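Working notes, structure below.
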Amino acid sequence: MRHRDFGRYICDPHRATPGYTLFSPLQGKATYLIGLRGDVVHQWSHPLTVGTYAYLLDNGNLLWSGRLPEGPKHMGGLGGLLREYDWSGNVVWEHRHVGQHHDFRRLPSGNTIYLAWEVVPPEIAQRIPGGIPGTQHADGCMYGDYIHEITPSGEVVWEWHACRDMRVEKYALSPSQNRDEFAHANAISPLPNGDIYISFRRLNMIGLIDRQSRAMKWEHRDDRWGMQHDCEPLANGNITLFANGTNITGNPFSRAVELDPRTGKTVWEYRGKPSYTFFSPHISGVQRLATGNTLICEGQWGRLFEVTPEGEIVWEYVSAFMGPDRNGDPSNEVFRAYRYAADSPQIGNRMKSIYA
């Protein structure tokens, strides 16, 4: 846990995965691409504070979310403005949707899917078990997640609603959580066949939505994850996720986890040594790299680091980009980060140096 240190602190050039790391400080209005030495090699400026994150498309453009002032207040992950920028920072596509939050992905078809909030009808909300009684949103409502798929022109061509497409009685909110949301999705990951992995923080659950039937065709809940974030399918069929560890008894700690969905077993994990030295109670993410190493975003502390399969840290960087959080305190939080190889489609020949 290095929340008082900034910049790059570890880089083993022989074992760190070559490439560039992309991140968007949560309290800032820019996205940065850094080399392994921690130097900023490229950046994009934005008109709004980042909603959650940005990532590079295969054509090298940047897909980003910005936080509109409209939408449900005091809800984590609020965005509302989706933008695609070219490498020079020109806006080539834009979509506004008040209530868009957390995650968004560009599909091979050119369409875009994203998470958003809607008001859960009271007759459905009363059927949802769990949570702390009497803790609805300040406006008296319970909000729920839905997914929109839109064309480049903004036409909705597919949608999914958690409160209507899930049998809500089956999904109890964690007893420590308020009843202002069902069920706080924070990640969506589409598969080539159109099915979508989704992470529900307040259920301690990830699931797989069948695109055709809209039913949950697979799901796995593990309260030991402690309000997880991120869920990325791997080529071997497994899934990586960030187990935040917020409801662990004793000293809390986080883990980066690889799950085999066929058995429900954890086949790999990273934790700090000792465990409590690695802990982010919210946000954060995991990316498996081509070398077999894993890039981890310990979001609350703005810490990005790479570990080997054996758990050895071979690269580490702490963001020095600060901004005021909701309470006005300085924060360098990062929602998620990605590493791109110098010869990847996302970077291509845009960078002069192969090794940064």
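Readers should treat all values here as calculations from the given coordinates under stated rules, not as data from a laboratory. On a predicted model such as this, the values are computed, not experimentally measured, just so you know. Methodologically, a virtual Cβ is constructed for each residue, glycine included, from the backbone with ideal geometry; neighbour enumeration extends over all protein chains shown.
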Practice task
Determine the gain in length on full extension of the stretch residue 310-residue 276; use 0.36 nm per residue of separation and subtract their C-alpha separation, reporting nm with one decimal.
Solution key: 10.4 nm
Practice task
Considering only 25, 13, 281, give the residue with the highest GNM mean-square fluctuation for the chain, with springs between Cα atoms whenever their separation is below 10 Å.
Solution key: 13
Fill in the blank from the handout: In terms of the alpha carbon gyration tensor, root eigenvalues a ≥ b ≥ c, rounded if a/c is under 1.5 and otherwise prolate when a/b exceeds b/c or oblate, segment 108-263 is oblate
Exercise for the section: Could you check the simple spin-label distance between residue 159 and residue 98, using points 7 Å along Cα→Cβ, in nm with one decimal? Expected result: 1.6
Exercise for the section: Find which of 18, 235, 54 sits farthest along the positive direction of the dipole of the chain, computed with +1 on the beta-carbon of Lys and Arg, -1 on that of Asp and Glu, about the Cα centre. Expected result: 18
Practice task
Between the alpha-carbon centers of segment 196-221 and segment 304-356, tell me the distance in whole angstrom.
Solution key: 28
Practice task
In debye, nearest 20, what is the charge dipole magnitude of segment 148-193 about its Cα centre with +1 on Lys and Arg Cβ and -1 on Asp and Glu Cβ, if you could check?
Solution key: 220
Exercise for the section: Kindly provide the GluC sites (Glu not before Pro) of segment 244-353 that DSSP labels as loop, not H, G, I, E or B, and whose Cβ sees at most 11 other Cβ atoms within 10 Å. Expected result: 310
Handout entry: Nearest-20 debye value, segment 1-82 charge dipole, Cβ charges on Lys, Arg, Asp, Glu
Key = 260
Practice task
List nothing, just return the count: lysine pairs in the chain, 8 or more apart or interchain, with Cα separation under 29 Å.
Solution key: 7
Exercise for the section: Calculate for the chain the 222 nm mean residue ellipticity that helices alone would give, adding -39,500 (n - 2.57) per DSSP H run of length 4 or more and normalising by residue count, nearest 500 deg cm²/dmol. Expected result: -500 deg cm²/dmol
Handout entry: Charge dipole magnitude, Cβ of K and R +1, D and E -1 - the chain, Cα centre, debye nearest 20
Key = 400
Exercise for the section: Report the antiparallel proportion of the DSSP beta bridges in segment 108-263 as a percent, rounded to a multiple of 5. Expected result: 90
